[in-house]
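Below is one structure, written out as structure tokens; comments come after it.
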Number of protein chains: 6
Amino acid sequence: MRIDQRKVNNLRPIKITTNYVSHPEGSVLIEVGETKVICNASIEDRVPPFMRNQGKGWITAEYAMLPRATAQRNIRESSKGKVSGRTMEIQRLIGRALRSVVDLDKIGERTVWVDCDVIQADGGTRTASITGAFIAVVLAFDKLLEKRTIGKMPVTDFLAATSVGVLADGTEILDLNYEEDSKAHVDMNIVMTGAGEFVEIQGTGEEATFTNNQLQKMLQLADEGMQQIFNIQKETIGSLADRIGETVKQGETK
Amino acid sequence: MRIDQRKVNNLRPIKITTNYVSHPEGSVLIEVGETKVICNASIEDRVPPFMRNQGKGWITAEYAMLPRATAQRNIRESSKGKVSGRTMEIQRLIGRALRSVVDLDKIGERTVWVDCDVIQADGGTRTASITGAFIAVVLAFDKLLEKRTIGKMPVTDFLAATSVGVLADGTEILDLNYEEDSKAHVDMNIVMTGAGEFVEIQGTGEEATFTNNQLQKMLQLADEGMQQIFNIQKETIGSLADRIGETVKQGETK
Amino acid sequence: MRIDQRKVNNLRPIKITTNYVSHPEGSVLIEVGETKVICNASIEDRVPPFMRNQGKGWITAEYAMLPRATAQRNIRESSKGKVSGRTMEIQRLIGRALRSVVDLDKIGERTVWVDCDVIQADGGTRTASITGAFIAVVLAFDKLLEKRTIGKMPVTDFLAATSVGVLADGTEILDLNYEEDSKAHVDMNIVMTGAGEFVEIQGTGEEATFTNNQLQKMLQLADEGMQQIFNIQKETIGSLADRIGETVKQGETK
Amino acid sequence: MRIDQRKVNNLRPIKITTNYVSHPEGSVLIEVGETKVICNASIEDRVPPFMRNQGKGWITAEYAMLPRATAQRNIRESSKGKVSGRTMEIQRLIGRALRSVVDLDKIGERTVWVDCDVIQADGGTRTASITGAFIAVVLAFDKLLEKRTIGKMPVTDFLAATSVGVLADGTEILDLNYEEDSKAHVDMNIVMTGAGEFVEIQGTGEEATFTNNQLQKMLQLADEGMQQIFNIQKETIGSLADRIGETVKQGETK
Amino acid sequence: MRIDQRKVNNLRPIKITTNYVSHPEGSVLIEVGETKVICNASIEDRVPPFMRNQGKGWITAEYAMLPRATAQRNIRESSKGKVSGRTMEIQRLIGRALRSVVDLDKIGERTVWVDCDVIQADGGTRTASITGAFIAVVLAFDKLLEKRTIGKMPVTDFLAATSVGVLADGTEILDLNYEEDSKAHVDMNIVMTGAGEFVEIQGTGEEATFTNNQLQKMLQLADEGMQQIFNIQKETIGSLADRIGETVKQGETK
Amino acid sequence: MRIDQRKVNNLRPIKITTNYVSHPEGSVLIEVGETKVICNASIEDRVPPFMRNQGKGWITAEYAMLPRATAQRNIRESSKGKVSGRTMEIQRLIGRALRSVVDLDKIGERTVWVDCDVIQADGGTRTASITGAFIAVVLAFDKLLEKRTIGKMPVTDFLAATSVGVLADGTEILDLNYEEDSKAHVDMNIVMTGAGEFVEIQGTGEEATFTNNQLQKMLQLADEGMQQIFNIQKETIGSLADRIGETVKQGETK
């Protein structure tokens, strides 16, 4: 039994509210237990300089926390005048993950800006951001489909993320909250597609190590959790779910 | 009749949700029409260097918008590496306003950090921030009262803010939304205490001017609106309202 | 009687030296009592990106203090690597004020850069900057008129600024020096046109409040002072004064 | 056969020159094929503020490239005034990895600064940095042992890193050079201890995905490569190798 | 005959106005031809961290230009958020030069901040800054003498600076104005003591070179000019001139 | 006899390794005693904005030290977010010096980026940088000659630099190492062409002064040393030496 009475293979309750903010093309509030993240997807009709004149699009992500999303207030990065290494790592991860399931060749010279703003944090903010941002991006593309700006849903598969870890006593667990995360010997974030393939595995033993056997057990837990998350995502977007995968990336077969 | 069917002296609907985020000592979500701001008040047990060893406290405010709080996405100030002039003006204003109704001598060497984060903007974000932040601060002091860290509520009076303006056709109006604000010839923000005194008047004719007569009409509209806002604030905090004013600042009489 | 023997409705002596620095199109040294500000207006033959291809011009202001303009030396903002909130507020105010009396449609795609550099400070540096910058801008436009770059003086009216305030004993006073300003309960900056209309009212009760009655008395004092300042401005520019107002902004009548 | 004639499970030649720079406590030049990194370890007799008064030490890493370490010249991060997200990710990784095999409780309140400066880059600069930095750190601690500042070698095990990946044709390969890296569908960096446990696994499918089966093949290749690297490290430090592991971290058993 | 009718060995007219700004301990406006610099010396009762607890003082200089000191407006360094290489070179030069004639052991743990702000530039701003700053520093120390904070004038000798150069036709000239400076093949700044010794020689052939013979001729011209500048400095400070040199640095003889 | 047993007119041993790094068009490692600097020259096919459409090229230099090039570790300038005054002075010096012997009219609209990265410092890093960078630039131009991008070697003469100084006992010495440099009363850097003309003289008496007689003795020592350095440069580049000077700058005669 875990601190919050969950079993080792239990996720925390997940709730996704769509159209949370009115201006963005796609907007959700995702709640994973006590962690709450606003994920907004904005479409801009141009690409960054290094992508110009290639006839394809780009997806980029930014991540931030409200100063008091955490138990102790954090100084704003705008006040410090620079973005921390942790923030940069997370926003690079979110962007990479989303690009893995979007056919950038099908969206024209457009940039999708994904903003993940954590309003309340209790562990797993980066994985909640990916799971929520996926829905925001689908909603934003749906706007383009409605306006017939693009002809097909360019999203090739579902995408979600969760964490697994190893506690001090050697137990492998799924979906760590803040207290578990701060005590765990190993922390691993996994991003996966609906087809069950890995997009990203980031496993870290901060001042500790882990064996291949432990790795396999963690991957198994992640796989279980991920199926439940994909189901929640499908329910959230309803009939739009059928359009995921109508585009297949060049040279790729499912 | 105005764009959104209001009369010239009508406020937009105001809704204040308390304890919106769990970590801060005081937290509210304030909605003024389509404008939505999370106001968090955090208590820190020390003061900035310039205030040390004076036995009194300090209140400081920070203000930000989510990038997609607006119709067009804005670049994050953390990415730009600096805070804009507009942001600085607003956060200085919020801090000054709150300090005018708090007896800093009664809170010990503590800093109240007020974070106003706009998640959706439709005009009047700075005045909504002040109205909401006032409640967040009262809730935070209530926590200190409960823990008997302080003995009396240090808030000397209610505090709220609204905007008034003059349209191109010369009509004075109350509580401008974004569309009205962007077309108005004169825009005035007013911060007032429950006793009906001014804390701040900031009237600006961007590429326009206004007469003393127009000023008086605007002040009258503001006064009407303010009474309604004070009533909403009172309902929001219930019996806590009775403790506002139990402290009177040195040399001040009501 | 005030600290410096003035009556409550007395301005400090004002002296405006034109062509103080040789390079700028318009240049004045304005002295208001012990406050001394160099105001330079420079004409640049292009506008900022957000103004391009609209066939109109722009006026922007920058404000700074020499490190030892004050009793205590201040760290240079260039050394700190960022401009303070106070500086930004002031330069935004100066720019807005000047734009209110210039018909930007008549100056072509040009930017007027106004630099207000305080070389000695004794209170009222922002209002002295506005009063002086107005003259510098008129002189700069006169250069354009001489070169026949523009056909009419695009300045629609005189513009000046002063401060009023309320002392701890409740007395309303005009044109506060540094010592008065640091002790006053209420401080209000007023920018007015030659026609007696307001461009900007910024009244602040730092840790204090003020009534509508006090507001009216302050506005009355400001009005008295402003008439004297306009006279000094008229003497300073001599026959050029007759050209002020030869342009009337679209949709405006005096 | 690969571009450079290696088999899929071949490492590039590795050469480690010790005492490359004279000032640092530990210094090596590591060459992995055409990739060359100077790794310097410096001992500072204090810890960062967040670590003070805990009686233990800290290891932190910084990573940079000479502007012309690459085929195209890069702008210096000092000129840009900020460190890129990629640099931050890498230096956080190097620091975490080294801390996993050092018993920070045994080095007193000291900081080990590890500087990895890439003078020539051909893929795998972060993994070469870790492999080289490990030796630099061991050499630096040896200096402290010689001076009897510490009594035991605080390094609990060997540590090295390498990369594996999946080419477009589905082949799994070991130790990618730049050309392979830029074309690979999957890129995975692995940090491992001498005991064969993982410290870090970072696998990324940029715009691609990978299966668990592919993951297992990559881990197998990494394991083969790592044994060869540990042998090179052992030869490099000679008899010092016997002292690795004389300290065991609290609560850890090998 | 030169552009402005001077002979090759003629200085431009020099005028030094003392007590130009009221707040600083020492303040002068120095005019060298059309070049005008405000030099303020401020005394702070502490030294920078690297100088603490050595019982001696420090002199540091900052240099800036008003944006419109030049024919084209320059962007403020505070707006750019960083100080240019040219500015840094100049302020390091001014600080070094002043420290060479002040016995820092005699001023206690104090810092003299020297601010040189160019309000109008026509070549030679750095040399005018040094010549003027010397007087400002002497006046500031005189304040300390009057208050008996220090017992002896700590200035060991006079100090002044000027420029020499070689024109395209090979002519050596003294005290270059802006137009001459921008065309000269060689530009040399010389800082000298009243005893005729060099403190600094900085000779530069931008895209050109010079011979030892030309160097000697330039040094001769500088020497002639310097004697005149020392005379002007002496007249400026009157009887205070007698106190220069009453302190001799340790190990130094005149 | 000096600390390291050299006579007053002895240089330290100089070693120049060409093609040290593989990517740059020109690359050398220069060792002057214990000082080691990597000098890389990169050719970019465009010029900075202020040089465009003039049909000529530009040379610019950047200089940095590895954090542990010195006895005490220095904080990276990229971490500090700004480049120090010392660094800026040095890189401006290197760029100016190189431009003095290159006919920029003959290289087309190209920029030569010279990167001098000190990997080990023992005094004289800026002079070693110039001496080494000269060779790197010649090698880079040789690449352009081989590719027939340019027709003639645009380098008009050899270029080298060294330091001279005056010790506390009044002895003039050549080529100061770190220990001598930190104790010297006078430090002078001299940049000279193969024809024996000066490009730059920078002599500084930090808290000290020097006479014209001492200046002459230092110049004599520098001249002796420079002849030896030119010989080493000639040996390093072999037959390429014959092409130096095949271009003569407009209006220049040797």
Leaving ligands, DNA and RNA out of it, report the carbon-plus-sulfur percent of the accessible area of the protein assembly as shown at a 1.4 Å probe.
46 percent
Per-residue HN-Hα couplings for the stretch C:216-230, Karplus 6.51 cos²θ - 1.76 cosθ + 1.60 at θ = phi - 60°, whole Hz, x for Gly and Pro?
4, 5, 5, 4, 5, 4, 4, 4, 4, x, 4, 4, 5, 5, 4
Inter-chain Cβ neighbour average for residues B:58-71, partner chain, 10 Å
4
Compute, for the protein assembly as shown, the length of the dipole vector about the Cα centre, with Cβ point charges of +1 (Lys, Arg) and -1 (Asp, Glu) only. Units Debye, rounded to 20.
0 debye
Suppose every Lys and Arg Cβ carries +1 and every Asp and Glu Cβ carries -1, with no other charges. What dipole size does the stretch C:108-228 come out with about its Cα centre, to the nearest 20 debye?
720 debye
Which distances in nm, rounded to one decimal and ordered from shortest, link the label point of D:D105 to the equivalent label points in the other identical copies, with labels set 7 Å from Cα toward Cβ?
5.3, 5.3, 5.7, 7.5, 7.9
For peptide E:232-239, compute the average count of partner chain beta-carbon atoms within 10 Å of each residue's beta-carbon.
0
Where in the stretch C:93-121 does accessible area fall by at least 40 Å² between the isolated chain and the complete protein assembly, at a 1.4 Å probe radius?
C:R96, C:D115, C:D117, C:I119, C:Q120
Roughly how many Å is it from the Cα centre of the stretch D:1-69 to that of the stretch E:118-187, as a whole number?
49 Å
Write down the accessible area per residue of the stretch D:14-243 in Å², having rolled a 1.4 Å probe over the full set of protein chains.
35 Å²
Summing +1 for each Lys or Arg and -1 for each Asp or Glu, what net charge is found among the other residues whose Cβ lies under 10 Å from the Cβ of A:E179?
-2
Determine, for each peptide in E:195-201, A:235-241, C:23-29, the mean count of other beta carbons within 10 angstrom over its residues, then list the peptides with the highest first.
C:23-29, E:195-201, A:235-241
Closest to the D-onto-E rotation axis, which residue of chain D has its Cβ, and how many Å off the axis is it?
D:G81, 5
Within the set of other residues whose C-beta is less than 13 Å from the C-beta of F:A97, count the net charge using Lys and Arg as +1 and Asp and Glu as -1.
-2
When each of E:K82/E:K143; A:K82/D:K36; E:K217/F:K217; B:K56/F:K80; A:K56/A:K152; A:K7/A:K234 is checked by Cα-Cα distance, pairs over 26 Å:
E:K82/E:K143; A:K82/D:K36; B:K56/F:K80
Quick one: 3J(HN,Hα) in Hz for the stretch A:61-70, Karplus 6.51/-1.76/1.60 with θ = phi - 60°, rounded, Gly and Pro as x.
10, 10, 9, 7, 10, 4, x, 10, 5, 10
At 7 angstrom along the Cα-to-beta-carbon line, where would the label on A:D223 sit relative to the other copies? Give the distances in nm, shortest first.
1.8, 7.4, 8.4, 8.4, 9.1
Compare A:V21, A:V118, A:V138 in a GNM of chain A, Cα atoms joined below 10 Å, and give the one with the largest fluctuation.
A:V21
With unit charges on the beta carbon (Lys/Arg positive, Asp/Glu negative), name the residue among D:F158, D:L139, D:V101 whose Cα is farthest towards the positive pole of the charge dipole of the stretch D:92-160.
D:V101
What residue among D:I38, D:G85, D:P48 has its Cα farthest toward the positive end of the dipole of the stretch D:29-96, where the charges are +1 on Lys, Arg and -1 on Asp, Glu, each on the Cβ?
D:G85
With an 8 Å cut-off on Cα pairs and a minimum separation of 6 or more residues, tell me the relative contact order of chain C in percent.
21 percent
In nm to one decimal, list the spacings between the F:A168 label point and its equivalents in the other copies, with label points set 7 Å along Cα to Cβ, shortest first.
5.1, 5.7, 5.7, 6.9, 8.0
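Please give the charge dipole size of the stretch B:35-190, origin at the Cα centre, charges +1 on K and R Cβ atoms and -1 on D and E Cβ atoms. Round to the nearest 20 debye.
So the magnitude is around 780 debye.
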Heavy-atom accessible area of E:K36, protein chains in place, probe 1.4 angstrom, given in Å² to nearest 10, is 50 Å²
If I build a Gaussian network model for chain E, linking alpha-carbon pairs within less than 10 angstrom, which residue out of E:I90, E:I244, E:I232 has the largest mean-square fluctuation?
E:I232
How much net charge surrounds B:V114 when only the other residues with a Cβ under 14 Å from the Cβ of B:V114 are counted, with Lys and Arg +1 and Asp and Glu -1?
+3
Which of these, B:R92, B:R148, B:R243, has the largest mean-square fluctuation under a Gaussian network model of chain B (Cα springs below 10 Å)?
B:R148
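The values are calculated or read from the model by the stated rules, or taken from the named source; none is laboratory data. Because the structure is a prediction, the values reported are computed rather than measured. So basically every Cβ, Gly included, is an ideal-geometry build from the backbone, and we count neighbours across all protein chains shown. Please note that ligands, DNA and RNA were not included when accessible areas were found on the heavy atoms of the full protein model with its side chains. Shrake-Rupley method; radii C 1.70, N 1.55, O 1.52, S 1.80 Å.
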